[in-house]
Each structure stands twice: as C-alpha cells, then as structure tokens.
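Worksheet: one structure, shown below.
The values are calculated or read from the model by the stated rules, or taken from the named source; none is laboratory data. Since the structure is predicted, the reported quantities are computational estimates derived from the model, not experimental observations. Here Cβ is always computed from backbone atoms with ideal geometry, including for glycine, and neighbour counts include all displayed protein chains. SASA here: full protein model, heavy atoms, side chains in, ligands and nucleic acids out. Shrake-Rupley method; radii C 1.70, N 1.55, O 1.52, S 1.80 Å.
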Amino acid sequence: MYEVLFQPMKIGGMSLKNRIAMAPMATVADPDGGFSQVVSDYFTARAKGGAGLIMSGALAVTDRYGTPASGWIGSPMHTARLTQLADRIHIYGAKFCLELTYGNGRCGCSDPSKPPFSASAVPTLQYPDVLCREMPKEDIHFLVQQAGKAAAQAKLAGVDGVVIHAYAGYLLDQFQSSEWNHRTDESGGSLENRMRFTAETIDAVRKACGPQFAIIVKFSVEHHAEGGRELPEGLKMCQMLEKLGADAIMVDGGSFPTQWNRCIPTVYEHAGFSIDLARQVREKVSIPVIGQNKMNDPACSAAAVEKGWCDLVALGHGLLADPEWVNKVHNGHSDTIRPCIGCNECFLAICSGQNFRCTVNPYVSHEEDPHFQVPKAEHPGKVLVIGGGPAGISAAVLSAQAGHQVELWEKSQELGGNLNAAGAPSFKKDLMSYRDYLLRCLEISGVTVCLGQEATVERVKESGAEQVIYAAGATARILNVPGVDQPHVKTALEVLHRRERPSGHVVVIGGGLVGCETALMAAESAQRVTVLEYMPSLPLFRTEARNNQLALRQMLADRNVEIQCGVQTQSIGADTITYQQAGQTKTILADTVILSVGFQSRQQLAQELDQAGIKIRIIGDAQAPRKIMHAVHEGLSAAIGLST
C-alpha cells in the first residue's frame with residue numbers, strides 16, 4: 001500500500017531511496033553555531049525512521065552579522081560534528097542536505113537602534129517606524145562567496161546537497177520581491193535583476209561543489225498578501241530557477257509578515273492545503289517538485305505523488321510527532337502513526353530558545369536521553385490510574401509497557417477527557433485524530449479499562465493497587481455574576497462536549513484559546529457572536545505560537561466574531577448581558593451566554609486519598625490546568641516514576 005511513496009528517484013546527482021523527505025525546521029545550535037549532540041540525535045532518529053532525505057533547518061553562511069540561535073556553517077570547528085551527523089544519516093540509507101540562509105532581513109529587527117539589512121530601506125516588521133539599511137553591493141558579494149564556501153564545507157563533511165532559503169519574505173526573498181526591493185542598481189527593478197542574488201547564489205554553490213551536488217530552492221510561489229508576490233509571477237520565477245541550475249524546487253506559499261500559518265501550518269488549516277501550488281509548479285518545470293504542508297496522511301501524500309502533483313513529499317511536524325512515520329507506512333502500520341495536532345508548541349519552543357518540544361511526542365530532543373526511557377519493571381505491581389483523559393491514558397499505556405498490571409478508571413462512559421471538547425469544532429479534527437490514536441494505544445496495551453467507574457477512597461482501597469496515578473482532570477470555572485444560574489448560560493466545556501449549535505445572539509465571556517475557538521464554532525450557526533474579554537487584549541496572543549495566532553485572528557475576522565476587550569461583566573439577563581468598558585455601561589443581546597473563564601483542578605478526591613494515607617502521583621490538569629503537552633509529558637513522567 002502507498003508503494004508510490006517508496007519508489008527511488010533522483011534530485012540532480014543525488015539518489016533517494018523513497019519519496020519522503022524531512023522538511024527544514026530550525027533547531028538550536030551549540031554556542032559556536034555548530035550542531036549539538038541533541039540535534040544530531042534528533043536528525044538521526046528521523047533517518048532511522050525511514051525518511052529518504054533529511055533537510056536541516058536554516059543555517060547562516062556567516063557570523064559577520066551576529067550568531068543566529070539556529071546555527072551557521074563556515075568555521076572549521078563545525079566540520080567534525082557535521083561529518084559525524086552526515087555519517088549517521090547515511091548509515092540508514094538517507095541523504096542529507098543543509099538549508100543555507102542569508103538571514104531574516106526586515107523580519108528580524110530585535111533592536112530598533114540597530115536596524116537590519118534588507119534589499120531596500122523598507123520598514124522593519126517589528127518596528128514599522130524604523131527603516132532597514134539597504135544592503136551594499138559589497139555585502140551581497142560577500143554573502144554569495146560565503147554561500148559557496150559553506151556549501152563546499154558541507155560537501156567536504158559528506159553532505160549531499162543544500163537547500164537555498166529563498167522563501168517567506170526572508171532576506172533573499174526580499175530581494176526577489178518588488179514589495180521590498182526598490183533598488184535602482186543591477187539587483188533591483190526587473191524580475192531578472194531581483195533574481196540576481198538568487199542566481200549568483202546558485203552559481204556559487206555549483207562552482208564550489210560541482211554538478212552532482214544537489215541544489216534545492218525553497219521558494220514561496222505566492223505570498224497570499226496584498227502587495228506581495230502573485231501566482232503568475234511566482235510560476236515564472238520557478239521556470240527561471242530551473243534555468244538558473246536548481247535541481248529541485250520546494251514549493252511554499254505565504255510569508256512571515258502576514259501568512260506565516262501557510263508556511264508553518266497550524267491545526268486550523270486543512271490537510272494538504274498547499275499541494276495545488278506544487279501541482280501548478282509541476283506543470284511549468286521539468287525538475288523535481290517537493291510538495292509539503294500538512295501532508296501527514298499517507299493517503300494524501302501518496303495521491304499527490306501518484307497524480308503527478310509533486311515528485312516527493314516533505315513532512316515537518318509529522319516527523320516530529322512520529323519519527324517512525326515512514327517505516328510505519330512502509331510496513332503497513334499507518335494506523336499506528338502518532339499524529340501531529342498542529343498546536344505548534346514545537347515552534348513556540350524554538351522561538352523561546354529551547355530545543356524542539358512536541359505535545360504528543362515527549363521524546364523529541366530526548367531521543368537518546370536515558371532519563372526519558374521507561375524502564376522495565378523489576379518488580380511489576382498493580383497500578384491504578386484514575387481518569388481517562390490524555391494524561392491518564394498516556395500514563396496507563398506506558399506503565400503497562402513497563403510490565404505493570406494497570407487498571408484505568410473513568411467515571412464517564414467516554415474516554416478522552418477534555419480532548420473530546422477541544423476537538424469538537426470542525427476545524428479541530430487533528431485533535432480527534434490524536435484522541436483516536438490514544439484509544440488505539442490503550443486498546444492494545446493490556447490495560448483494564450473500567451468506564452462509569454467513579455473513584456472513591458473506599459474503592460481505591462479495595463482495588464488492591466500498589467501505586468495510584470491521579471489524572472482526574474479539571475472542570476470549568478463559573479463566573480460569579482448575577483444571572484449566571486440561568487438555563488441559557490453554559491460553560492464552553494458543556495457546549496463543546498455536546499457539540500451544541502447555538503442560534504441567535506451568542507456572547508462568549510473569556511477570550512482565551514478555548515473562548516475564541518468556542519466563539520468560532522458558535523459562529524457556524526449563530527446570527528451574531530461577541531467575545532467579551534477582561535484583559536486589554538486577547539490573552540491567547542501571549543501563550544500561543546505566532547502562526548497559530550495569525551490563523552486564529554484571520555478566522556475570527558472571516559467569521560465576523562466581534563471582540564470587546566477591557567470588559568468587566570456586570571450581569572446576565574434573560575436575553576441580554578450588561579458590562580462595563582472604558583467607564584461606560586453597555587448592554588447587548590445575548591440569547592446564549594458561554595462562560596470560558598478558566599478551569600479548576602479536580603482535587604477533592606486527591607485530598608481525601610492523601611488524608612487516608614494513600615500515596616498518589618498527580619498529573620495533568622488535576623495538578624494544574626494547563627496544555628495538552630503537560631498532560632502527555634507528565635503521563636510519561638508518572639510511568640517512569642513507578643520504578644524510582
């Protein structure tokens with residue numbers, strides 16, 4: 001099944017064993033800019049998992065303009081570690097390409113007193129009143145030379161090719177785009193001139209490394225933004241890239257400033273949303289085309305290759321979530337793939353200076369860390385897990401794998417906990433896929449599952465459990481205002497769990513992630529939806545990855561959800577709600593009021609168990625309401641802790 005994904009192919013002189021690549025994603029480098037051991041283990045795991053091509057995240061070609069956290073290549077100190085990594089990747093039959101970048105340009109202004117270089121003196125993204133410095137010709141020539149040297153060093157270390165970072169509104173793309181390139185010299189004006197920097201880069205790599213060294217260009221065919229690149233020009237540029245000597249084009253769309261969620265997808269985009277761009281490029285060029293973006297379903301990937309829309313598929317977050325994705329598909333075990341949920345905790349970690357983290361895969365960046373391995377139980381015992389949400393299921397499955405006799409109690413008749421609520425909106429199918437994955441893991445784990453079993457102190461004592469893991473989750477907080485006890489006032493959890501479709505005028509109190517997503521779901525059926533938020537701005541924009549923010553903002557705007565911040569709710573009437581904002585009292589219609597003002601842990605039973613002298617380990621939202629990532633990771637921690 002999916003045999004087309006396992007046909008060999010070539011990119012230039014580079015032979016690949018299959019049609020599945022690991023997409024470039026930035027990593028955190030060692031202090032000197034080279035690959036750390038953590039990052040080396042991370043890439044090796046994906047090669048071992050069956051990917052035919054491993055592409056690194058963007059590496060600068062010089063440290064002249066500062067040392068980027070993601071690393072750079074150009075120092076002799078980097079060669080030994082790079083050689084070791086290339087050797088490890090090759091052991092598993094995969095090929096290795098480094099992504100080379102000239103930097104962020106206008107998208108990377110962290111200090112307004114030191115504006116970055118760009119193609120022209122255009123506003124910086126972070127400080128629109130601050131203009132970039134137009135890059136001098138001497139710096140352009142220097143960077144081109146450094147690209148050739150970096151590629152030569154990579155080839156010396158055993159690397160098979162490079163990916164030129166020419167997309168998404170970063171520095172090289174700023175030269176390519178008339179939106180940011182207003183130069184009047186040979187690097188500006190006509191399309192040919194705007195492509196000169198890219199052309200010279202390809203030429204420098206080719207001269208330094210020869211005809212067999214693969215050159216892939218990662219390119220945004222369109223920017224999906226006013227004033228940005230449009231499709232006809234993007235397709236023409238792809239044809240130019242082929243003539244300039246590119247061996248393959250990795251197709252993307254969007255840009256960092258405006259449509260970043262189309263470059264780094266989120267839960268809110270549909271599967272394979274940019275494959276049609278790859279198809280249109282494939283019709284215009286004869287070199288291989290790499291399709292990407294939410295191609296995590298093997299059927300979707302196979303269909304794209306089978307229909308000739310692309311020649312190979314690049315997986316990013318899908319291989320973070322499950323490094324064995326390729327092997328599982330090849331061996332007919334696609335149903336065991338751990339799915340990505342599009343939360344972008346991985347991207348948020350990188351932006352925070354951390355190594356990659358993954359909500360559903362706690363082993364990311366700990367691939368060879370012995371502390372993250374669940375040891376086989378020397379003295380297997382009886383373990384009771386209370387709660388059937390993601391924390392409880394994770395802990396139960398891993399504890400059973402360690403050899404313990406595990407029983408899981410869930411007081412309701414349904415497993416999944418609040419994952420069932422989080423995955424209720426039509427645009428959150430990725431979460432339901434993860435819930436289904438957890439249920440499959442549980443089904444084959446040997447764990448005894450008891451639904452409709454409410455835990456009490458006496459029942460826990462009677463169970464004979466030697467160790468108890470408490471994962472009872474959290475409930476919704478209730479706002480203390482007059483009128484909150486009326487039947488048309490509900491919590492977001494109630495609305496989501498029941499898949500309710502409210503009509504008329506809906507008011508959501510609370511503009512966090514749950515509130516906004518509930519508002520979006522309500523907007524599918526309601527006449528009007530308003531979100532009232534106490535804070536001066538939506539709080540989710542301080543806790544979620546930027547690309548998720550952009551996607552959510554756009555959806556709120558597209559569905560005409562009204563946002564009112566700096567609001568203090570006064571009272572709820574029979575069909576109205578009254579609030580204060582900026583010193584004024586306002587009343588609006590509210591046929592349904594949905595409360596989304598946070599969660600509180602279910603801790604009463606935990607306290608009773610503790611008072612009864614029963615030792616428990618509290619995990620997930622039962623410890624404190626947080627994200628799915630904490631639940632899953634603490635499930636692993638609990639299983640490891642059984643043997644300590």
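Rounded to the nearest 10 Å², what accessible area does K586 show when all protein chains are kept and the probe is 1.4 Å?
Answer for K586: close to 70 Å² accessible.
Can you find, among L100, F356, F256, the residue farthest towards the positive end of the dipole of the chain? Put +1 on the C-beta of Lys and Arg, -1 on that of Asp and Glu.
The residue sitting most towards the positive pole is L100.
Please turn the phi angles of region 160-165 into ³J(HN,Hα) values with the Karplus equation 6.51 cos²θ - 1.76 cosθ + 1.60 (θ = phi - 60°), one per residue in order, whole Hz, x for glycine and proline.
Per-residue couplings from phi come out as 8, x, 10, 10, 8, 7 Hz.
Among K17/K284; K411/K461; K155/K307; K17/K207; K429/K627, which pairs are too far apart, with a Cα-Cα distance over 22 Å? Could you put the intermediate results ahead of the total?
Numbers: K17/K284 25 Å; K411/K461 17 Å; K155/K307 34 Å; K17/K207 27 Å; K429/K627 17 Å.
Beyond 22 Å between Cα atoms: K17/K284; K155/K307; K17/K207.
Assuming R0 = 60 Å, what is the FRET efficiency of A80 and R553, from their Cβ-Cβ distance, to the nearest 0.05?
0.85
Hey, can you grab everything whose amide H is under 5 Å from the amide H of V531? Only 5+ residues off in sequence or another chain; H modelled, so Pro and N-termini drop out.
Residues meeting the criterion, in which the H sits 1.01 Å from N, are V508, E562, I563, Q564.
Can you give the direction-averaged projected area of the convex hull of the alpha-carbon atoms in region 76-134, in nm²?
Projected area, direction-averaged: 6.0 nm².
So, for region 1-131, what is the accessible surface per residue at a probe of 1.4 Å, expressed in square angstrom?
38
Under the rule of at least 5 residues apart or a separate chain, name every residue whose amide H is placed under 5 Å from the amide H of F599.
Amide H to amide H, under 5 Å and 5 or more residues apart or across chains, F599 pairs with R477.
With every protein chain in place, what's the accessible area of K627 (1.4 Å probe, Å², nearest 10)?
Around 60 Å² of this residue is reachable by solvent.
By what distance, in whole Å, do the Cα atoms of region 39-140 stretch along each of the three principal axes, largest value first?
Result, largest extent first: 50, 26, 20 Å.
When ligands, DNA and RNA are left out and all protein chains stay put, how many square angstrom of accessible area per residue does region 392-443 have with a 1.4 Å probe? Before the final figure, lay out the partial values.
Details: 1860 Å² over 52 residues.
Averaged over the residues of region 392-443, the accessible area is 36 Å².
Can you give me the relative contact order of region 360-421 as a percent, contacts being Cα pairs under 8 Å and 6 or more apart? It would help to have the intermediate numbers written out before the result.
On the way: 67 pairs, mean separation 21.3, N = 62.
Answer for region 360-421 is 34 percent.
I want to check the label-to-label distance for S352 and E192. Put each point 7 Å from Cα in the C-beta direction and report it in nm to one decimal.
Placing both labels 7 Å beyond Cα along the Cβ direction yields 5.1 nm.
Over the chain, with every protein chain in place, what whole percent of the accessible area is carbon and sulfur at 1.4 Å, could you tell me?
50
Magnitude of the Cβ-charge dipole of the chain, K/R +1 and D/E -1, about the Cα centre, nearest 20 debye?
Computed about the Cα centre, the dipole is about 520 debye.
State in Å² the accessible area per residue of region 501-554; use a 1.4 Å probe, count heavy atoms of protein chains only, and round to the nearest integer.
Here the residues of region 501-554 average 37 Å² of exposed surface.
Taking amide H positions as placed in the peptide plane 1.01 Å from N, state which residues far from F117 in sequence (5 or more) or on other chains have amide H under 5 Å from it.
R133
With a ≥ b ≥ c taken as the square roots of the eigenvalues of the C-alpha gyration tensor of region 415-489, please select rounded if a/c is under 1.5 and otherwise prolate if a/b is larger than b/c or oblate if it is not?
Working: a/c = 3.29, a/b = 1.27, b/c = 2.58.
Taking the square roots of the gyration eigenvalues as a ≥ b ≥ c, region 415-489 is oblate.
At 7 Å along the Cα-to-beta-carbon direction for both D129 and H270, put a label point, then send me their distance in nm to one decimal.
Spacing of the two 7 Å Cα→Cβ label points: 4.3 nm.
What do you get for GluC sites (Glu not before Pro) in region 249-337 restricted to DSSP loop and a cutoff of at most 14 other Cβ within 10 Å of the site's Cβ?
Filter output for region 249-337: E283.
Between E3 and H141, what length comes free when the chain is fully extended (0.36 nm per residue of separation minus the Cα-Cα distance, one decimal in nm)?
Numbers: separation 138, 0.36 × 138 = 49.68 nm, distance 4.53 nm.
Full-extension gain reported as 45.1 nm.
What list of ³J(HN,Hα) couplings, whole Hz, do you get for region 574-583 from phi and the Karplus terms 6.51, -1.76, 1.60, once you set θ to phi - 60° and write x for glycine and proline?
Per residue, the Karplus-derived 3J(HN,Hα) values read 5, 8, 9, 9, 10, 8, 10, 8, 6, x Hz.
In nm, to one decimal, how far is the modelled label at Q527 from the one at R542, with both set 7 Å along Cα→Cβ?
3.6
In percent, what relative contact order does the chain have, based on Cα pairs under 8 Å that are 6 or more apart in sequence? Before the final figure, lay out each step's value.
On the way: 1461 pairs, mean separation 71.8, N = 644.
The value is 11 percent.
What percent do you get for the relative contact order of region 314-390 when only Cα pairs under 8 Å and 6+ apart count?
22
Put +1 on the Cβ of every Lys and Arg and -1 on every Asp and Glu Cβ in region 447-525; which of Q453, T518, T475 then has its Cα farthest towards the positive end of the dipole?
Final value for the positive-end residue is T518.
Sort region 271-423 into rounded, prolate or oblate with this rule: let a ≥ b ≥ c be the square roots of the eigenvalues of the Cα gyration tensor; rounded if a/c is under 1.5, and if a/c is not under 1.5, prolate when a/b is larger than b/c, oblate otherwise.
Prolate.
³J(HN,Hα) across region 403-418 via Karplus (A = 6.51, B = -1.76, C = 1.60, θ = phi - 60°), whole Hz, x for Gly/Pro?
Ordered by residue, 3J(HN,Hα) equals x, 7, 8, 10, 10, 10, 10, 10, 6, 8, 9, 9, 8, x, x, 6 Hz.
If you filter region 481-535 for trypsin sites (Lys or Arg not before Pro), then keep DSSP loop positions with at most 11 other Cβ within 10 Å, what is left?
Of the trypsin sites (Lys or Arg not before Pro), the ones in loops of region 481-535 whose Cβ has at most 11 other Cβ atoms within 10 Å are R498.
With a ≥ b ≥ c taken as the square roots of the eigenvalues of the C-alpha gyration tensor of region 182-336, please select rounded if a/c is under 1.5 and otherwise prolate if a/b is larger than b/c or oblate if it is not?
prolate
Filter the chain for me: DSSP H helices, axial length by Cα at least 27 angstrom, mean Kyte-Doolittle hydropathy not below 1.6. List them by residue number.
Span-like helices in the chain: none at all.
Expressed in nm to one decimal, what extension gain is obtained for the pair H90 and E494 from 0.36 nm per residue of sequence separation less their Cα-Cα distance?
140.3 nm
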